1. So how compact is segment A:220-278: Cα radius of gyration and Dmax in angstrom?
2. Say we join alpha carbon atoms closer than 10 Å with springs in a Gaussian network model of chain A; which of A:GLY286, A:GLY265, A:GLY203 then has the biggest fluctuation?
3. Using a 10 angstrom cutoff on alpha carbons, build the Gaussian network for chain B and name the most mobile of B:ASN259, B:ASN272, B:ASN349.
4. Between B:GLU406 and B:GLN383, how many nm apart are label points set 7 Å from Cα along the C-beta direction?
5. Rounded to the nearest 0.05, what FRET efficiency is calculated for A:MET133 and A:LEU49 with R0 set to 51 Å and r the Cβ-Cβ distance?
6. Find how many whole Å separate the alpha carbon centroid of segment A:99-168 from the alpha carbon centroid of segment B:223-258.
7. Given q = 0.21 Å⁻¹, what are the Debye log10 I(q)/I(0) values for segment B:89-179, with equal point scatterers placed on the Cα positions and solvent ignored?
8. With +1 on the Cβ of every Lys and Arg and -1 on the Cβ of every Asp and Glu, and nothing else charged, how large is the dipole of segment B:44-93 about its Cα centre, in debye rounded to the nearest 20?
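Bear in mind these aren't lab numbers, they're just calculated from the coordinates by the rules spelled out. Only a predicted model underlies this, so the values are computations on that prediction, with no experimental measurement involved. Cβ coordinates were reconstructed from backbone atoms using ideal geometry, including for glycine residues, and neighbour counts include every protein chain displayed.
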Amino acid sequence: MTTTLIPAGAKTAVPPKRRRERQGPAWVFLSPWVLGAIVLTLLPMAVSLYLSFTDYDLFNPPRWVGLRNYVQMFTEDPRYWRSVTTTLTYVVIAVPLQLALALVVALALKSMKRGKAFYRSAFYAPSLLGASMSIALVWRAIFNDGGTVDNLFGTGGWVNRPGWALIAVALLTVWQFGAPMVIFLAGLQQIPAELYEAAAVDGAGKWRQFLSVTVPMLSPVLFFNLVLQTIQAFQVFTPAFAIGAGKGGPADSTLVYTLYLYDRGFVASHMGYASAMAWVLLIVIGAVTAVLFRTSRSWVFYTSEGDR
Amino acid sequence: MPGHRTKGFCASAAALALCAMLVGCTGSGESVGGGKVVLRYTWWGNPDRAERTEQALALFEKQHPDIQVQTSFSAYDAYKQKLATQAAGGDAPDVMQLDYRQIDQYASGGVLLDLGEQKAVLRTGEIDAGLLATGRLDGTQYAVPQGRGTETIAYDVEGWKATGVPLPDRSWTWSEWADTMRTLAERTGRPGATDPGQSEDCFEVWLRGRGKSLYTEDGGLGFTADDLTRWWTFTDELRREGVVSPAEQTTQLDGSVENTPLGRGESLTDANWDAPASGYLALIPGGIALAPMPSGEDGTPGQYFKPSMFLGVGADTGHPEEAARLVDFLVNDEQAAKILGATRGIPVNDSVRKEIEPRLTDFDGTIAAYQASLEGTLGTPPQAPPSGDNALQTTFQRDYDQVSYERMSPREAAENYVTEAKAELRS
């Protein structure tokens, strides 16, 4: 184990005692990362865990209240449950749509002969821009009443209607399918052409090839994307913040979990409650990821398994 | 053990570098090259206010060549949240504009400097004693009121005249107001006003017109779910009739005049505070006039004069004296007052106000005349709201959203609100 820190060539030449001393420089070079991890990640996490058991209004010292925040969250706060259902609805709408779109576009790009680089960049661009507030505001303008969608389809503004606002938020996420698309594309290019040739010789049509070759061969990548996008979707904030005018409106229809957390913490000054919410979110995301991993055993196919 | 020394040295060097980095980030009001003191001054408002503020600050910097003022501003909602975060992080600005609602929380949380310590540079002798006291908590002066404001019904003069409805009188009751809005809506085919149901401020005026108040003296809730149900039933009926703005428009309100139905050209009137109403001028070509808020049915006024905003100094400022000088300049300097006009309300310094009032032109003159017309007719201002009110303002809007989108009855929403308000005020 310890040898991993030592350059390969020096492995046998250095006696054990000197080897220990050699760790000094390694720690010095690691120190920015180690300090960063401690100061910027571990410490804040510990503080947040502590705060989740307190009543803290930002201005006065935290007051220990034990489990009260958690109890209140689960039993006395209807708006908390509304934020939970809103987030779940959002995850269920946005993630499958986004992955499906990413896969379709990746398939189209794969079979493309010319201009692949251009289209790849063009489809990837929204992912680079999409997280920004400005795009979210443009989106809001498009779906506002009197906005583009209203003018084209006469549907009225989506962002002002409780039934539609969350869909506008989800569409903004779906539009940013660039990252999973690039990963799908890389996965598709890893599939050996011989498999398709063999399948074709056996008389499989395009659809059959897709189901029997592409899908199983792509399943690890699909799984990877699913896990990543699900984790991200649970934490959606910026689009909901912009489209719901910072309040999760209209009528709490875009009040996603993180937005309500932000509201409790920074608008209502209940930092303890917000911290408790954050920890519940962390645990839920962990649990959902664990469930995904468990189910993956039955549908994700790794080529190396065949060698066993 | 030379090896150990090197290791120790490197570790402390790294720690030092990190400390230097952290210190560099937290310094507030640090000095920059040339020995100038830099003060950070933050406030909320609109571009009109920004332009005049910059002009006034240029004058201040000219008078005090050793001080440089950096400003930033945003709309009220965003400002409130940003300032709370800064204050919690120990990074409060040197000079900050505060709302009545924030005083209690910020002062009791130790964010604000005791301004009594800066008497030498910050004069308060010419400020009305009652008004000055609103910036005091437990006998300590934490903030100085910067202007006096009151609520108003701002209206599009030309648009109103075109309807043939007589312009609003000196006084009206809530039911007279509703009837007038109904006529306006009938003649224009658009709502007459912003739905006042979402506004805690409007509710307060209505409530006071019935002899009650938002909060009791000991910081409890001053009204019942029945009162709120009555108010929301009243506004909800008006909304259903199309007399006030529909939910789709009301939900877009964010504290800026641009996003009100009046600012967007969707209605003829809006209830607002008088100072920010100047922002409508840029949006409404026909001009803006001010009418008083409706009173209770028996003529009891619900409206009151309120310190429109305060200035406070951060407790951790590195330059308390310079910061107090800036506050003094903004509140007491005649030249500054001439530039600032009534953008933050009518000045609180008596001699400055007397000097300024006749010279106020344009909309500032309108505000001054409006306030003068109300002198002696209004009720006494309530004491500063308790800390929990900060969150309740938003809760009020959200709960009314449920009514205006017809997801809850006025009674259900009102009961929701009262439950949450009681919990909020207890904690």
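1. Calculated on Cα positions, Rg and Dmax stand at 13.6, 43 Å.
2. Top of the fluctuation ranking is A:GLY203.
3. Result: B:ASN259 has the largest fluctuation of those listed.
4. According to this spin-label approximation, the distance is 4.4 nm.
5. With a Förster radius of 51 Å, E is 0.95.
6. 34 Å
7. The calculated log intensity ratios at q = 0.21 Å⁻¹ are -1.04.
8. It comes to approximately 120 debye.
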